[in-house]
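This report refers to the structure that appears directly beneath it.
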Amino acid sequence: MGWIPKDAVAVVRVPRVADLRELEETALFTMLQKLELLGQLDKLSSGLLADNPIAKQVWDTARAIDGEVVIGVVHVFPAALMGMSGEFPVSAVAYVEVGEQEAEVAKLVAALAKEGGDEALKKTGPQSWVMVDRKLRVDLNLDDGWLSVHVGPPGASDVAGRWRNLPVERSFQSAEVVSRAPWPSKSEKVWFEGFFNLDPVWNMVKTVAPAEAQSVLASTGFESFHGVSFVSAVEGERFHDLLTLHAPEHQDLMSRMLAQAPIDPKWAARAAGDADSAAVVSFDMAAAFSAVVDVVPESAQQELDRWTKRFASQVGLDLRGDILSAFGPHWVVSSRGDLVAAALGDGEFEAALTVQVADEAKARKVINRLMKTTGLPVARTDGPVPYSIVTMPMSDSPKWLRPSYVIADGALVIATSPAMLQRTVSSAEAGPVVSRMKEALASPAGGTWAYTVRSASSEVRSLHSIATTLVQQLGFLPDDSPAAKFKMPTWPEIDAHLQDLPPTEVVCRTVAEGARIESRSVLPNVIVGVAPFALGSAIALPNLLTSRTAANESNAISTLRNIVSAQAQFSAIGGADRDGDGQGEYGYFGELSGAAKLPSGHVLDPPILSSRFRAVRGGVIVHSGYVFRIHLRNGDDTPLPEAPEGGPPPKVEANAAEIFWTAYAWPQDCGTTGQRAFMVDQSGEIFQTTNDGPRQGYSGLDRAPAPNVAGLAPVRNRRRGTLPDRAGKDGARWTPVQ
């Protein structure tokens with residue numbers, strides 16, 4: 001990090017790639033090996049890269065590197081970030097210690113430059129390259145066993161090499177988020193570091209923000225919030241992670257709010273005894289609300305007052321006087337099972353929230369008013385505990401969800417079912433999770449405001465549910481594709497390896513540096529943190545694929561219309577006139593784009609089609625997930641596709657080329673990049689087919705439509721006469737695009 005300037009915004013670092021082998025000693029990797037998942041992942045990567053030599057070369061070279069890796073976002077350009085300039089919005093650098101792989105990295109960069117063509121990297125020195133376009137500049141340098149990369153807007157210069165000589169006091173090593181970051185013990189192996197530096201952000205805000213915003217910044221003390229540091233290390237079988245919010249001496253509003261109510265150990269006993277996940281949090285919402293109101297601008301206070309008055313008139317409750325003052329500061333959450341698995345119909349889930357009641361009369365008033373306002377049906381039942389349990393029957397809800405609540409022993413308990421509620425309020429014997437929480441909180445560290453403990457099985461179950469969802473979404477892939485062959489182990493197979501592992505523990509507390517979240521887990525927080533995003537991706541994937549398919553199909557139709565216009569122009573100007581009769585002929589992509597010579601020996605200048613139509617390979621072009629092909633005709637009226645590298649093939653018949661042409665568009669990967677196939681001819685009318693007939697499924701070059709498959713035969717109907725549809729020679733109907 002000594003090669004990145006002190007005012008960088010964000011930096012991530014892997015101290016030494018070779019040391020990642022320490023991860024193989026963790027329980028997570030041991031389990032992955034026993035389940036043969038690592039072997040599957042290796043086969044998956046090999047299969048995905050088999051048809052892409054450049055990607056395989058990148059992968060193989062990256063795997064051979066075993067040195068340090070540092071990536072930093074140095075500057076952010078607000079105008080570009082908001083899309084005003086259209087340029088790359090940040091200046092970023094990366095340093096990779098390639099060591100003995102320097103020669104292989106040089107070969108890789110040269111291969112990438114060759115593959116990219118005119119828009120690729122240009123060599124500027126023995127081992128330096130640059131690429132510049134209207135939005136972006138990329139500089140690469142190889143020197144003394146290090147690869148340095150700088151990415152920024154086109155006007156930026158390569159600064160990565162110059163920063164390698166920074167004095168320590170000007171480097172990122174002296175930034176507050178680094179110099180005051182806590183580190184694990186020397187016996188642990190740090191494998192990942194991440195830092196978010198807010199000091200340069202506050203400096204920028206002070207320069208460009210309006211006076212009112214700067215006033216809020218000062219009154220909340222957020223300008224003293226230096227940023228966030230995250231360090232992950234291997235500690236035996238588990239990962240030890242330290243996340244620190246750097247706000248020294250609690251000068252900022254957030255740290256002050258967290259420090260108001262240290263945790264009371266007795267609340268550990270209020271979790272359900274058989275829970276496999278439990279947490280205790282101490283947070284005084286009434287005090288936090290007052291603290292926020294005191295520092296926001298007067299205009300915001302007035303708006304908040306208006307909102308609370310409207311709320312009071314509608315619900316009959318005062319936000320501060322009734323609701324916030326009735327509850328807290330302790331909150332206890334306990335659960336069994338996995339919510340994601342239950343939502344997917346593959347398991348059950350139970351949870352309970354226990355909230356400290358500061359004023360029981362107010363608490364009952366709040367609950368009664370809210371129940372009356374919502375109009376939810378309720379049923380009062382008596383269970384094994386001496387309290388009246390209120391259950392809210394809900395139609396169209398999962399069978400495990402029967403919300404229930406009770407106010408008892410100074411707490412409001414809300415649970416997913418009456419059974420879970422009864423187990424929470426009773427003095428049931430504590431299982432291993434709750435026992436561990438009681439033990440840890442018997443003498444909590446100073447400033448502790450939250451503690452979570454979760455069994456290893458519960459921790460991994462959520463990740464398994466998310467991964468299973470992702471794999472299920474790959475059902476659209478062909479059976480022989482590498483990804484479709486990936487087999488996810490069942491949950492019982494995984495759970496068998498987790499029973500003897502220690503639980504995950506997370507301690508949140510205020511410290512001199514600000515606030516710290518420290519965890520020990522079988523999973524690193526890097527994985528746990530991205531899991532919700534992975535779940536969102538899994539859920540959204542079908543919709544994203546559908547959206548992409550629709551967008552690609554729409555683009556294909558627009559491209560065909562563009563081709564119709566280009567053919568009309570090409571014919572009108574006589575771009576090709578093989579028989580010299582003054583009657584212009586139609587052309588191929590190579591001719592229309594100026595890439596191939598015309599019959600006259602010249603190229604079309606200026607071209608009618610853009611440069612992307614010059615990339616003819618195998619007689620077709622590929623664009624936005626679709627394959628496009630043009631046909632003219634020979635003397636016996638046989639359709640002729642374009643020459644493999646673009647331009648006319650031999651035997652194009654001039655008179656036929658003056659009258660006829662056709663163009664097809666079909667998916668590059670049917671079902672993924674698109675579904676429908678399209679055809680247009682000299683009439684200018686575009687036809688479509690669903691591409692799902694027994695003789696269809698047009699996809700890529702291996703399954704392309706025959707040159708005359710759309711046919712010209714009209715479809716007849718006795719009652720309606722001739723229909724605009726065409727009966728294709730593939731046995732399917734081709735209908736006009738509306």
**Asked** From 733, 718, 726, which residue is loosely packed, with under 13 Cβ neighbours inside 10 Å and at pLDDT below 90?
**Response** 718
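Is the range 531-552 home to any residue that is outside any strand (DSSP E or B) and at pLDDT 80 or above?
Quick first cut of the range 531-552, residues outside any strand (DSSP E or B) only: 531-552.
Next, only the ones that are at pLDDT 80 or above stay: 552.
Checked the range 531-552: at least one residue is outside any strand (DSSP E or B) and at pLDDT 80 or above.
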**Complete:** If we take the range 233-349, then helices (runs of 4 or more DSSP H) inside it with 2 or more residues that are aliphatic (A, V, I, L, M) and closer than 22 Å to residue 365 by Cα are 285-295, 298-315
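Condition test on residue 640, is it surrounded by fewer than 22 Cβ atoms within 10 Å (Cβ to Cβ) and either part of a strand (DSSP E or B) or outside the structural domain of residue 575 (by TED's automatic domain parsing) (or both)?
Numbers: surrounded by fewer than 22 Cβ atoms within 10 Å (Cβ to Cβ): yes; either part of a strand (DSSP E or B) or outside the structural domain of residue 575 (by TED's automatic domain parsing) (or both): yes.
Here the answer is yes, as residue 640 does meet what is asked.
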**Fill in**
Residue count, the range 41-69, condition at pLDDT 80 or above, surrounded by 15 or more Cβ atoms within 10 Å (Cβ to Cβ) and not hydrophobic (A, V, I, L, M, F, W, C), comes to 6
**Message:** Can you pull out every residue in the range 322-371 that is farther than 30 Å from residue 460 by Cβ and free of Cβ contacts under 8 Å to residues at least 40 places away in the same chain?
**Reply:** 324, 325, 358, 359, 361, 368, 371
**Fill in**
Conditions (1) surrounded by 14 or more Cβ atoms within 10 Å (Cβ to Cβ); (2) under 30 Å from residue 496 (Cβ atoms); (3) touching a residue at least 60 places away in the same chain (Cβ under 8 Å) -> residue 32 fails only (3)
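Return the residues of the range 593-614 that are among the small types (Gly, Ala, Ser) and touching a Ser or Thr at 6+ places or on another chain (Cβ under 9 Å); say none if nothing qualifies. Reasoning before the result, please.
Looking only at the range 593-614, we keep the residues that are among the small types (Gly, Ala, Ser), and these are 593-596, 600-601, 610-611.
Hits for the range 593-614 are 593, 594, 595, 610, 611.
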**Message:** If the requirement is being buried (at least 18 other Cβ atoms within 10 Å of the Cβ), assigned by TED's automatic domain parsing to the domain that holds residue 339 and modelled with pLDDT under 90, which of these qualifies: 275, 279, 286?
**Reply:** 286
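Scanning the range 186-200 for residues that are in contact with a His (Cβ under 9 Å, 6 or more places away or on another chain) and within 24 Å of residue 226 (Cα to Cα), which turns out modelled with the highest pLDDT?
Filtering the range 186-200 down to residues in contact with a His (Cβ under 9 Å, 6 or more places away or on another chain) leaves 188, 197-200.
If we keep only those that are within 24 Å of residue 226 (Cα to Cα) as well, we get 197-200.
Values: 197: 93, 198: 90, 199: 87, 200: 86.
Looking at residues that are in contact with a His (Cβ under 9 Å, 6 or more places away or on another chain) and within 24 Å of residue 226 (Cα to Cα), I get 197.
When you check residue 513 against the structure, is it at pLDDT below 90, in contact with a Ser or Thr (Cβ under 8 Å, 6 or more places away or on another chain) and among the acidic types (Asp, Glu), yes or no?
Numbers: at pLDDT below 90: yes; in contact with a Ser or Thr (Cβ under 8 Å, 6 or more places away or on another chain): yes; among the acidic types (Asp, Glu): yes.
The answer is yes for residue 513.
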**Request:** Can you give me the number of residues within the range 575-619 that are loosely packed, with under 13 Cβ neighbours inside 10 Å and in a loop (DSSP other than H, G, I, E, B)?
**Result:** 9
**Asked** Given (1) modelled with pLDDT of 90 or more; (2) assigned by TED's automatic domain parsing to the domain that holds residue 671; (3) touching a helix residue (DSSP H, G or I) at 6+ places or on another chain (Cβ under 9 Å), where does residue 560 come up short, assuming only one miss?
**Response** (3)
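The values are calculated or read from the model by the stated rules, or taken from the named source; none is laboratory data. Please read these numbers as outputs of a predicted model, since none were measured by experiment. Reconstructed Cβ throughout: ideal geometry from the backbone, glycine too, with neighbour counts over all protein chains shown.
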